[in-house]
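Data first, discussion second: the structure below is written as structure tokens.
The values are calculated or read from the model by the stated rules, or taken from the named source; none is laboratory data. No experiment lies behind these values; they were computed from the predicted model shown. Glycine also receives a Cβ, built like all others from the backbone with ideal geometry; neighbour counts cover every protein chain displayed. Note: accessible area is taken over every heavy atom of the protein model, side chains too, but ligands, DNA and RNA are not part of it. Shrake-Rupley method; radii C 1.70, N 1.55, O 1.52, S 1.80 Å.
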Amino acid sequence: MEVTEEAPLGLRERKKLQTRGALSWAVIRLSVERGWANVTVEDAAAAANVSDRTFRNYFSSKAEAVAARHLDRMLLVAAGLRARPAGEPLWDAITGAVLSQFAGGEPQGHEWTDAIQLMLTEPDVAGEVLKASATAQRDLAVAIAARTGTDPAHDLYPSLAAAATNAAITTVMDHWLRADPPAAIEALMREAFRQIQAGLPVP
């Protein structure tokens, strides 16, 4: 489902996004609590107060539901970039768009992060997350191209910048899950994009 900020969403569209988000979160939360193999589509639907059929109208599998949370947030990064002031430097704009989606992310306990790491090792989940990242990266490249007057079909820059952004987000999320002691994800994101803007100087 494409997420943009170009026009206000109607009530029906907002409800669909809320249901989609609730189902995705239900699969994640229940998997953390019970373990991936011990959660069914029926469990997630019940937790989100919808029918099994409704779940299948949104997602083909539990793994797709998990990846949807990542996909939607990444698509909102691209939408946020499109909404940033036209005169803002590109990497400042990208950083702002990214931080708007990760603001308020507080450190989690090891029980939570360990369970998320384990869930992400499931082959189906890993595959769906890769697909989601690729979809979002293409959308971000289009947004970067529009901002820089380049063409993602012919110019390397927008795709390269989108890939760097995607890699930074993925790396930070992995670091956040493994951090000991726990760290706030917003602070980690800010530091990652500071280093990118500085040209990744050797420490």
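Considering helices alone, the calculated mean residue ellipticity of the chain at 222 nm is -24000 deg cm²/dmol, with DSSP H runs of length four and up weighted by -39500 (n - 2.57) and normalised per residue.
Using heavy atoms of the protein chains and a probe of 1.4 Å, the accessible area assigned to Leu17 is about 50 Å².
Per residue, the average separation of C-alpha pairs within less than 8 Å and at least 6 apart gives the range 1-103 a relative contact order of 31 percent.
The slack between Leu200 and Thr54, meaning 0.36 nm per residue of separation minus the straight C-alpha distance, is 48.0 nm. Farthest towards the positive end of the charge dipole of the chain, among the residues Tyr157, Thr54, Ala145, is the Cα of Thr54, using unit charges on the Cβ of Lys, Arg, Asp and Glu. For the range 1-100, with all protein chains in place and a probe radius of 1.4 Å, 49% of the accessible heavy-atom surface sits on carbon or sulfur. Under Stokes-Einstein, with the Kirkwood radius over Cα pairs as Rh, the value for the range 4-114 at 4 °C and 1.567 mPa s is 82 µm²/s. For GluC sites (Glu not before Pro), the sites in the range 1-104 that DSSP calls loop and that have at most 11 other Cβ atoms within 10 Å are Glu2, Glu6.
Rounded to the nearest 20, the size of the Cβ-charge dipole of the chain about its Cα centre is 480 debye, with Lys and Arg at +1 and Asp and Glu at -1. For the range 45-185, what is the relative contact order in percent, using Cα pairs closer than 8 Å and at least 6 residues apart in sequence? Relative contact order comes out at 28 percent. Using the alpha-carbon positions of the range 134-175, Rg (one decimal) and Dmax (whole number) come out as 10.6, 34 Å.
Principal axis extents of the C-alpha atoms in the range 157-203 (largest first, rounded to whole Å): 36, 21, 15.
Rounded to the nearest 20, the size of the Cβ-charge dipole of the range 12-80 about its Cα centre is 260 debye, with Lys and Arg at +1 and Asp and Glu at -1. Size descriptor for the chain, Kirkwood hydrodynamic radius: 18.0 Å (Cα pairs only, one decimal). Relative to its Kirkwood radius, the Cα radius of gyration of the range 110-186 gives an Rg/Rh of 1.10. Accessible area per residue for the chain, computed on protein heavy atoms with a 1.4 Å probe, is 54 Å². Placing dummy labels 7 Å off each Cα toward the beta-carbon, the span from Ala22 to Asn38 is 2.5 nm. The alpha-carbon atoms of the range 28-83, seen along their principal axes, cover 40, 23, 17 angstrom, with the largest extent given first.
One chain, two ends: Thr121 and Arg190. Fully extended at 0.36 nm per residue, the span grows by 22.2 nm beyond their Cα-Cα distance.
The modelled label-to-label distance for the pair Ala134/His175, using points 7 Å beyond Cα in the direction of Cβ, is 2.7 nm.
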